[in-house]
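Here is the structure we will look at.
Just so it is clear, none of the values below were taken in a lab; they were calculated from the coordinates. Every value quoted in this text rests on a predicted model; they were computed, and no experiment measured them. Cβ sites come from the backbone with ideal geometry, for glycine too, and all protein chains shown count toward neighbours.
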Amino acid sequence: MYGYYLDLALRSLRRNKVLTALMVLTIALGIGTSMTTLTVMHVLSGDPIPQKSAQLFRVRMNVFPDDRFRAGDDVPDNLARRDAEALLHDTRGDRQVAMSAGSMAVTPVQGDPQWVQARYTGAGFFPMFDVPLRYGHAWGPDDDANRARVAVISSALNEQLFGGKDSVGQTLKVGDQGLRIVGVLGEWDMNPRFYDLSNGQFGDSEDVFMPLSTAEDMKLSASGNMWCWGNSNDMQAADAPCLWLQYWVQLDTPAKVSAYRQYLGNYIALQQQAGRFHHSGQADLRDVMQWLDFKGVVPSDVRLQMWLALGFLGICLLNTVGLLLAKFLRRSGELGVRRALGASRRAIFLQCLIEAGVVGLVGGVFGLALAGLGMLLVRHQPTDYAAFIHMDLRMLLGTFVLALTSSLLAGLLPAWRAMQVAPAAAIKSN
Amino acid sequence: MRIHRQIRPILAALRSHRAAVVLLMLEIALTMAVLGNLVFIVYGTIQRSHEPTGVAESEIGLIQSIGVIGQDNPGTVAGNLAAMRAAPGVADAAYGSLPLWWVDHNPLFLDASRQHPALHAYEFQGSQHLNSTLGLRVVQGHDFDDGELPDAMDVYMGKATAPIPALLTESLARRLYPDGSALGRILYDGTHGLRVIGIVDHLRGELTGSAGDDDSLVYEYHVSTQDVGGGFLVRSQPGRLPEALHAAAAALQKANPGHVQNKLYTMAELREGYFRSSLAAGRMLVAIIVILLVVTALGVSGLASFWVQQRRRQIGMRRALGATRGDIRHYFQAENFLIVTGGVLLGVLFAYALNLFLMQRFELPHLPAHYLLVGAVALWLLGQLAVLGPALRASNVPPVVATRSV
């Protein structure tokens with residue numbers, strides 16, 4: 001039966017090629033545009049570290065002195081060094097790290113010094129964020145404690161300075177001091193760069209990773225948000241009234257998460273009892289996806305484009321509805337004959353829907369090609385996320401689901417009208 | 001006119017295609033809503049990208065120069081600036097902030113207790129000659145006098161004793177002191193007291209499109225023997241920016257072998273970089289606009305040619321009864337005009353609804369009415385264009401069709 005309907009649909013579509021082409025083109029354009037923007041959304045709002053995103057938590061707290069505290073203010077993103085060090089010292093999470101972005105000039109063996117982006121962090125960083133290493137290994141907790149002059153460098157910097165060879169054991173010259181390279185990163189594509197969104201949300205990883213303690217020792221400058229509320233000659237000093245450290249903790253079970261919340265509450269209470277402030281303080285714990293959502297990582301023009309493209313798809317569908325309606329009603333003579341020969345209304349309805357579905361599927365194929373073209377366009381845009389836009393299997397299947405559902409939806413009204421055709425009148429008027 | 005006599009039969013004919021007509025009107029209304037808002041957004045971006053910052057943009061360049069730790073560097077800021085000023089083609093030079101280049105946006109307070117910020121403003125700060133390098137126009141009060149500038153180290157450490165002389169933009173002065181009494185007043189940022197010595201006409205820290213862009217203040221400090229890295233600004237003689245910028249950069253590098261000099265920008269390049277991604281997003285929207293118009297036109301003409309085919313016999317009969325080709329063509333054109341008009345009227349509602357939605361979610365401004373007028377005219381034209389082919393085909397239907405059976 002369905003085979004017969006399919007045959008009828010194909011015949012009917014072939015009979016009026018221009019109209020069929022119009023409908024296919026309309027659906028293809030609607031699908032192509034909306035799939036392009038949906039894919040961008042999908043990639044940008046995706047989980048950067050799916051295997052662990054529910055176990056990694058950004059820790060924030062509001063422990064301002066009383067004259068800086070205003071109830072209802074947002075909890076600041078970063079911690080002061082004294083709080084970060086206290087939390088690190090207590091070691092209540094499965095892993096934890098306090099860190100900051102920074103920058104430094106490194107001097108190659110030959111050539112001029114060049115400015116590179118760095119991350120001052122702890123030994124926990126690498127296992128916590130599943131950072132792959134091509135050569136060597138990360139530094140250990142002892143190196144953090146001893147302010148060891150060690151560094152892990154990116155594969156890009158390794159390529160640049162050492163021609164891509166295993167550079168473990170070599171020295172990275174930073175001004176007139178040196179860092180011993182202990183590891184070289186593998187391909188590490190962490191986008192959005194959730195661990196520190198304040199220095200560009202998308203893009204390559206930093207080039208130099210080194211212990212935070214060592215960076216302090218060498219007086220290297222931090223970059224990113226530095227928020228101070230008092231005068232301090234050295235904003236990175238242990239007691240400086242400045243917020244600049246990102247703090248992440250890994251908590252493997254829900255029980256540990258609630259225990260950690262409890263612990264943060266206790267920490268703030270202790271600070272209050274010690275006379276640091278009188279307000280109630282605030283602590284905040286968010287896992288990776290909550291954090292990305294909170295920071296609004298998807299750019300607003302991408303969301304805008306998505307809404308507009310969906311509106312556009314709506315217009316394309318209305319267009320298809322109109323064309324299908326005209327097409328089916330024009331065939332009322334033929335449909336009347338089928339009804340007179342015994343086809344039920346249901347059969348007519350199904351036949352018309354199948355015709356709409358065929359249009360949708362063909363439109364989906366062309367729409368996929370257009371979406372591919374659209375994605376090529378997006379990748380050539382000068383945005384920091386351009387390079388990461390790609391279509392995965394889910395979006396590929398999604399394209400066809402969207403094409404088929406929307407064309408069936410578009411076919412509903414025309415098919416319903418077509419099945420209402422009164423056989424006698426239709427045959428007579430012909 | 002013969003057209004208006006056709007309106008009644010057109011309406012009667014449309015009534016028998018009610019569903020298709022309503023669909024077409026809906027499509028046109030939605031098209032108008034999306035089109036109006038899209039054009040509004042794109043045009044806003046383009047306008048923003050041409051808004052002046054208030055500085056002498058065609059003559060300003062930036063040299064980003066950063067110190068290397070541990071390297072003894074013989075250069076001092078004052079020496080650097082002197083070396084740059086001596087370079088050929090350079091009119092002036094200073095160390096400090098530049099519009100569109102990470103200008104601080106800080107809260108300002110009207111009294112020293114700093115309890116409630118009056119508003120947020122862009123704070124431009126830099127060495128002596130910052131103002132003349134930027135090329136600001138002082139319209140009230142007076143420019144900086146080198147003798148009254150605070151020392152750079154005092155400013156860095158927050159130890160300046162007297163309020164620092166500052167220039168405000170007209171916009172900031174008006175918002176802080178609506179009675180026009182800005183000159184001579186003292187205001188406060190997070191660290192310093194600032195004394196208003198003059199008003200400049202415009203200075204925008206960023207170009208976000210909001211009125212607050214032009215709320216800026218400038219102050220200078222006196223640099224001498226410090227060694228700092230950061231942004232060195234060059235003002236060239238008219239028309240000599242590229243050569244002056246390179247000459248100044250070479251002079252700066254010679255004076256500071258210990259600095260990593262990584263980047264040179266002209267103000268035009270900064271502006272281009274600042275707007276690159278919004279303009280790219282704008283281009284995507286233009287692509288959507290074009291596709292949208294094509295789809296709507298295809299829909300209109302598809303449906304129209306269908307109706308023409310469907311009515312071949314009636315057309316033939318009318319022709320046989322004496323209607324001219326023009327009459328037939330006008331019939332379809334008038335029919336299209338009526339449908340599009342219905343769509344446009346509905347579209348006004350849709351466009352405002354969409355605009356309200358976008359305003360809530362994306363902080364867009366109100367859609368001005370003239371965009372709707374332009375949208376309506378565009379759709380009328382588009383409709384007429386789309387129906388022209390089918391209407392001509394209809395007018396070519398020979399009268400003899402009436403006598404044949406289909």
Quiz item: At 222 nm, what helix-only mean residue ellipticity would the protein assembly as shown give, in deg cm²/dmol to the nearest 500, using -39500 (n - 2.57) for each DSSP H run of four or more?
Solution: -16500 deg cm²/dmol
Exercise. Treat the count of other C-beta atoms within 10 Å as a stand-in for reagent exposure and order B:Val348, B:Val294 from fewest to most.
Key: B:Val294, B:Val348
Quiz prompt | Cα-based radius of gyration of region A:182-234 once divided by 2.2 N^0.38 Å, which approximates compact folds | solution = 1.41
Quiz prompt | For region B:157-257, Kirkwood radius (reciprocal of mean inverse C-alpha pair distance, Å) | solution = 16.4
Exercise. Bin width 10 Å, alpha-carbon pairs only: give the P(r) of chain A as whole percents, running from 0 to the bin holding the largest distance.
Key: 4, 17, 20, 17, 13, 10, 9, 6, 3, 0
Quiz item: Does region A:1-54 classify as rounded, prolate or oblate by the C-alpha gyration tensor (a ≥ b ≥ c root eigenvalues; a/c under 1.5 gives rounded; else a/b over b/c gives prolate, otherwise oblate)?
Solution: oblate
Quiz item: How big is D, in µm² s⁻¹, for region B:322-362 by Stokes-Einstein at 25 °C and 0.890 mPa s if Rh is the Kirkwood radius over C-alpha pairs?
Solution: 197
Quiz item: Running Debye on region B:72-257 with equal point scatterers at the Cα sites and no solvent, what base-10 log of I(q)/I(0) appears at q = 0.10, 0.14, 0.17, 0.19 Å⁻¹?
Solution: -0.41, -0.78, -1.09, -1.29
Quiz prompt | Free-standing Cys, chain A [no other Cys Cβ under 4.7 Å] | solution = A:Cys316, A:Cys352
Quiz item: Where does helix B:267-310 land angle-wise versus the long Cα axis of chain B, in degrees 0 to 90, nearest 10?
Solution: 0
Quiz item: Stretch A:Trp188-A:Phe294 to full length: gain in nm at 0.36 nm per residue minus the Cα-Cα span?
Solution: 35.8 nm
Practice problem: Check cross-link reach from B:Lys254 to the aspartates and glutamates: straight Cα distance under 16 Å, and skip same-chain residues fewer than eight apart. | Solution: A:Asp112, B:Asp72, B:Asp227
Quiz item: Setting aside same-chain residues fewer than 8 positions from A:Lys327, which aspartates and glutamates have a Cα under 12 Å from its Cα?
Solution: A:Glu355
Self-check item: Taking all pairs of distinct alpha-carbon atoms in region A:56-295, Kirkwood radius in angstrom
Solution: 18.7
Practice problem: Using Cα positions and a limit of under 13 Å, work out the aspartates and glutamates in reach of B:Lys159, with same-chain residues fewer than 8 apart set aside. | Solution: B:Asp151
Self-check item: Rounded tilt (10° steps) of A:254-273 against the dominant C-alpha axis of chain A
Solution: 40
Self-check item: Rg/Rg_ref, region B:1-127, where Rg_ref = 2.2 N^0.38 Å and atoms are Cα
Solution: 2.23
Quiz item: For region A:37-166, max minus min Cα coordinate along each principal axis, in Å, sorted largest first?
Solution: 55, 47, 31
Quiz item: Which is farthest toward the positive dipole end of the protein assembly as shown among A:Ile427, B:Ala247, A:Pro211, measuring Cα position about the Cα centre, with Cβ charges +1 (Lys, Arg) and -1 (Asp, Glu)?
Solution: A:Ile427
Quiz item: Which of A:Gly411, B:Val196, B:Leu373 sits farthest toward the positive end of the charge dipole of the protein assembly as shown, with +1 on the Cβ of Lys and Arg and -1 on the Cβ of Asp and Glu?
Solution: A:Gly411
Practice problem: Quick one: order B:Ser216, B:Ser224 by neighbouring beta-carbon count within 10 Å, fewest to most. | Solution: B:Ser224, B:Ser216
Quiz prompt | Peptide A:323-333 - average C-beta neighbours from other chains (10 Å radius) | solution = 4
Practice problem: Kindly provide log₁₀ I(q)/I(0) values, in the same order as q = 0.10 Å⁻¹, from the Debye equation applied to equal alpha-carbon scatterers of the protein assembly as shown. | Solution: -1.14
Quiz item: Counting pairs of alpha carbon atoms under 8 Å apart in space and at least six apart in sequence, what relative contact order in percent does chain B give?
Solution: 28
Exercise. Run the numbers on region B:170-302 and let me know its relative contact order in percent, using alpha-carbon pairs under 8 Å that are six or more apart.
Key: 12
Quiz prompt | Residue-wise HN-Hα coupling along region A:131-140, computed from phi with Karplus coefficients 6.51, -1.76, 1.60 (Hz; x: Gly, Pro) | solution = 7, x, 10, 7, 10, x, 8, 6, 7, x
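What dipole magnitude, in Debye to the nearest 20, does region A:56-295 give about its Cα centre under +1 on Lys/Arg Cβ and -1 on Asp/Glu Cβ?
Using only the charged Cβ atoms, the result is roughly 280 debye.
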Quiz item: If you line up the long axis of helix A:2-15 against the longest principal axis of chain A, both from Cα atoms, how many degrees apart are they, to the nearest 10?
Solution: 80
Quiz item: In debye to the nearest 20, how big a dipole does chain B give about its Cα centre with +1 on each Lys and Arg Cβ and -1 on each Asp and Glu Cβ?
Solution: 4180
Quiz item: At q = 0.19 Å⁻¹, what is the log10 ratio I(q)/I(0) for region B:67-133, with the Debye formula run over Cα points and no solvent?
Solution: -0.88
Quiz prompt | Counting DSSP beta bridges with both ends in region B:162-311, the antiparallel % (nearest 5) | solution = 50
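Give the average, rounded to an integer, of partner chain Cβ atoms located within 10 angstrom of each Cβ in B:283-296.
Mean shielding by partner chains, rounded to a whole number: 5.
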Quiz item: Each residue of region B:375-385 in order: what ³J(HN,Hα) in whole Hz does its phi give by Karplus 6.51 cos²θ - 1.76 cosθ + 1.60, θ = phi - 60°, with x for Gly and Pro?
Solution: x, 4, 4, 4, 6, 4, 4, 4, x, 4, 5
Practice problem: May I ask you to sort B:Leu136, A:Leu413 by Cβ crowding, counting other Cβ atoms within 10 Å and putting the fewest first? | Solution: A:Leu413, B:Leu136
Quiz item: To one decimal place, what orientation-averaged projected area in nm² is obtained for the convex hull of the Cα set of region A:65-134?
Solution: 8.3
Quiz item: Are there trypsin sites (Lys or Arg not before Pro) in region B:1-51 that DSSP marks as loop and that have at most 16 other Cβ atoms within 10 Å, and which are they?
Solution: B:Arg2
Quiz item: What is chain A's relative contact order, in percent, from Cα pairs under 8 angstrom and six or more apart in sequence?
Solution: 28
Quiz item: Residue-wise, which Karplus ³J(HN,Hα) couplings in Hz belong to region B:137-146, taking 6.51 cos²θ - 1.76 cosθ + 1.60, θ = phi - 60°, and x for glycine or proline?
Solution: 9, 7, 9, 8, x, 9, 6, 5, 10, 3
Quiz item: Antiparallel DSSP bridges in chain B: what percent, to the nearest 5?
Solution: 70
Quiz item: In whole angstrom, and with the biggest value first, how far do the Cα coordinates of chain B range along each principal axis?
Solution: 103, 46, 36
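Assuming R0 = 56 Å, what is the FRET efficiency of B:Val138 and B:Thr324, from their Cβ-Cβ distance, to the nearest 0.05? Walk me through the intermediate numbers first.
On the way: r = 73 Å, r/R0 = 1.31.
My answer for the efficiency is 0.15.
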Practice problem: Filter the chymotrypsin sites (Phe, Trp or Tyr not before Pro) in region A:203-299 to those in DSSP coil with at most 16 other Cβ atoms within 10 Å of their Cβ, and list the result. | Solution: A:Trp229
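Note the count of lysine pairs whose C-alpha atoms are less than 30 angstrom apart in region A:56-295, limited to pairs 8 or more residues apart or on different chains.
The result is 4.
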Exercise. Work out the mean other chain Cβ neighbour count within 10 Å for the residues of B:19-27 and drop it here as an integer.
Key: 6
Quiz item: What is region B:242-340 by shape, rounded, prolate or oblate, if you read a ≥ b ≥ c off the alpha carbon gyration tensor as root eigenvalues and call it rounded for a/c under 1.5, prolate for a/b larger than b/c, and oblate otherwise?
Solution: prolate
